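Below: one structure, written as structure tokens.
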Amino acid sequence: MNGLYDEFRIAVHSVWNRRWLALAVAWGLCLVGWLVVALIPNSYESQARVSAEMQSILSDKVGVDARERKKNMERIQETLTSTINLEKVVRGTALNQSVATDRELAGKVEMLRKNITIKSEKDNLFEITATSSASNLSDAQNAVLARDIVQKMIDIFVEENLSGDRAETSQTIKFLDAQLAQREKELQEAEQKRVQFETENLGLLPGIGSISQRIAAARAELGQIESQLSQASGSLAALNGQLAGTPSSISTPGFRSPSAGGARGQLAQAQGKHASARARGWTDSHPDIVAMQNEIAALRVQAAKQPASGGGGYRTPNPAYSSLQSMRAERQASVAALQARKNALQADMTELVSKQSMEPGVAAEMSRINRDHEVLKSQYDKLLTDREQIKLRGQVESETDSVKFLVIDPPSSPRSPAAPNRPLLLAMVLFAGIGGGVGAAFALGHLQTSYPTAAKLEKASGLPVIGSVSQILTNTQRGLRKKKLRVFYGTSVALFGVFGMLMIVEFIQRGMVA
């Protein structure tokens with residue numbers, strides 16, 4: 001332990017004896033280092049964060065896919081630092097002031113490509129960072145330029161996304177318009193061909209559509225007519241049976257109303273209700289109709305047992321009988337009309353079948369013409385639907401902002417340089433200068449052959465050392481030494497003073513930028 005302590009004392013003594021050399025080396029290194037640090041231009045960095053929120057309510061209804069929008073934004077993010085976009089940034093900021101030739105413009109573009117960073121933090125959050133360190137601009141101007149570059153990149157990001165979609169939509173609509181015009185021309189030609197063919201074969205193709213289609217339509221209609229005719233005939237037969245069992249007149253005694261005429265009067269009332277219910281369309285399976293029929297049957301039995309009333313009675317027309325006659329007339333007319341329509345359809349079908357067997361080639365040609373026309377029409381309708389949908393989609397994207405851009409953090413205004421960290425570099429140069437001075441003095445002490453202690457001399461010579469003589473200084477020498485020490489201390493303090501002054505100047509410059 002004592003040996004290490006002695007070595008440390010020897011090293012310190014060696015450096016102290018060469019303190020002027022150490023101080024000179026420290027001053028030289030510090031001045032050179034501080035000059036290099038002063039020549040490093042300040043770089044000012046501005047950042048901004050942009051969020052792209054996708055609306056999904058109306059956009060999904062008109063076919064704006066969120067995944068497609070995401071792919072478009074990723075593509076725009078990758079191409080945002082293209083040469084064309086960076087030229088827009090140069091011409092839209094203060095960089096344009098120092099651009100006179102295309103070569104200088106290309107140099108500014110390459111400089112921006114290195115100093116602009118765009119990264120995606122999440123699916124819909126983007127961070128844009130720009131650094132400015134133009135040597136021909138002051139610190140304040142570089143700070144403003146960095147912010148302007150970020151703002152211009154945000155504008156281009158939004159513009160590229162919206163204009164790209166609009167351009168794509170416009171090109172698609174233009175292509176569809178051309179296809180629609182061509183399909184419309186072909187559709188008109190097909191319609192003219194069909195009209196001409198129908199005119200030439202008017203005797204063989206009456207009506208609309210091919211013979212097979214009209215035969216199928218006639219058969220379907222004939223089936224419906226036969227079903228309706230069967231129902232109407234059954235209803236007429238039931239009505240005739242009911243009419244046969246209903247008397248045409250009833251006997252009313254005295255001046256009493258039919259409701260007071262005993263069983264016959266009640267029978268007349270029940271028959272009248274039954275006729276009214278059937279007139280309203282109730283069938284025989286209706287619960288009320290079944291109840292009425294049971295009541296009429298019971299009243300008929302009672303009326304048959306009741307003797308004919310005398311004493312001034314008289315007979316009046318039965319309203320139920322009149323109502324049933326009116327219903328029978330309507331059913332007969334309906335049956336006659338359905339039968340007439342059935343006969344007409346059967347005659348038409350016979351004629352169509354004969355024409356089809358006589359001219360199969362005409363029917364086949366007409367079918368082909370109709371088929372071609374339907375194909376062209378379906379294609380035209382589909383193209384028309386697609387065009388309207390794309391047009392609506394473009395209007396939704398441009399007018400309702402299907403993608404809403406929100407600036408989360410606006411471009412920051414840097415108040416201190418992002419690089420270099422000048423205070424840290426100045427301090428590092430100071431410590432490096434002091435360390436270099438001490439190292440130079442220590443190395444020089446080892447290069448020169450001297451013995452700072454008697455033990456060193458005894459070890460080096462191998463001879464015993466009797467003793468050592470201390471240095472004796474006169475008063476004049478002591479005064480001169482004190483004077484030199486004051487100069488040394490003052491010069492050392494001056495080194496730290498220069499360091500402090502440089503630090504103050506650095507913070508003053510930062511305050512001027514802010």
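In this structure, does residue 507 turn out to be modelled with pLDDT under 90 and either outside any loop (DSSP other than H, G, I, E, B) or surrounded by 11 or more Cβ atoms within 10 Å (Cβ to Cβ) (or both)?
yes
Let me confirm something: among 302, 269, 293, 231, which residue is farther than 30 Å from residue 219 by Cβ, open to solvent by 60 Å² or more (accessible area, probe 1.4 Å), modelled with pLDDT of 80 or more and not hydroxyl-bearing (Ser, Thr, Tyr)?
None of the others qualify; the one that does is 293.
Looking at segment 115-133 only, could you name the residues that are closer than 10 Å to residue 42 by Cβ and open to solvent by less than 40 Å² (accessible area, probe 1.4 Å)?
Residue satisfying the conditions is 132 alone.
Looking at 396, 429 in this structure, which one is surrounded by 16 or more Cβ atoms within 10 Å (Cβ to Cβ), in a helix (DSSP H, G or I), hydrophobic (A, V, I, L, M, F, W, C) and modelled with pLDDT of 85 or more?
429
Cβ-Cβ distance below 7 Å, separation of 6 or more or different chains: which pairs start in segment 410-428 with a residue that is touching a residue at least 12 places away in the same chain (Cβ under 8 Å) and end on one that is of a type in the set (Val, Ile, Thr) and surrounded by 14 or more Cβ atoms within 10 Å (Cβ to Cβ)?
Pairs found: 411/150; 415/513; 418/131; 422/37; 425/37; 426/37.
For segment 100-114, enumerate the residues that are closer than 20 Å to residue 43 by Cα and buried (at least 17 other Cβ atoms within 10 Å of the Cβ).
108, 109, 111, 112 - these are the residues of segment 100-114 that are closer than 20 Å to residue 43 by Cα and buried (at least 17 other Cβ atoms within 10 Å of the Cβ).
Looking only at segment 39-50, which residues are open to solvent by less than 10 Å² (accessible area, probe 1.4 Å) and hydroxyl-bearing (Ser, Thr, Tyr)?
If the condition is that a residue be open to solvent by less than 10 Å² (accessible area, probe 1.4 Å) and hydroxyl-bearing (Ser, Thr, Tyr), then 44, 46 are the ones that fit.
At pLDDT below 80 and among the β-branched types (Val, Ile, Thr): which single residue out of 32, 50, 15 fits that description?
Exactly one residue qualifies, and that residue is 15.
The values are calculated or read from the model by the stated rules, or taken from the named source; none is laboratory data. As the structure is a computational prediction, the values presented were derived from the model and not from experiment. Please note: Cβ atoms are built from the backbone with ideal geometry, for glycine as well, and neighbour counts cover all protein chains shown. Just the protein is used for accessible areas: all its heavy atoms, side chains included, with ligands, DNA and RNA removed. Shrake-Rupley method; radii C 1.70, N 1.55, O 1.52, S 1.80 Å.
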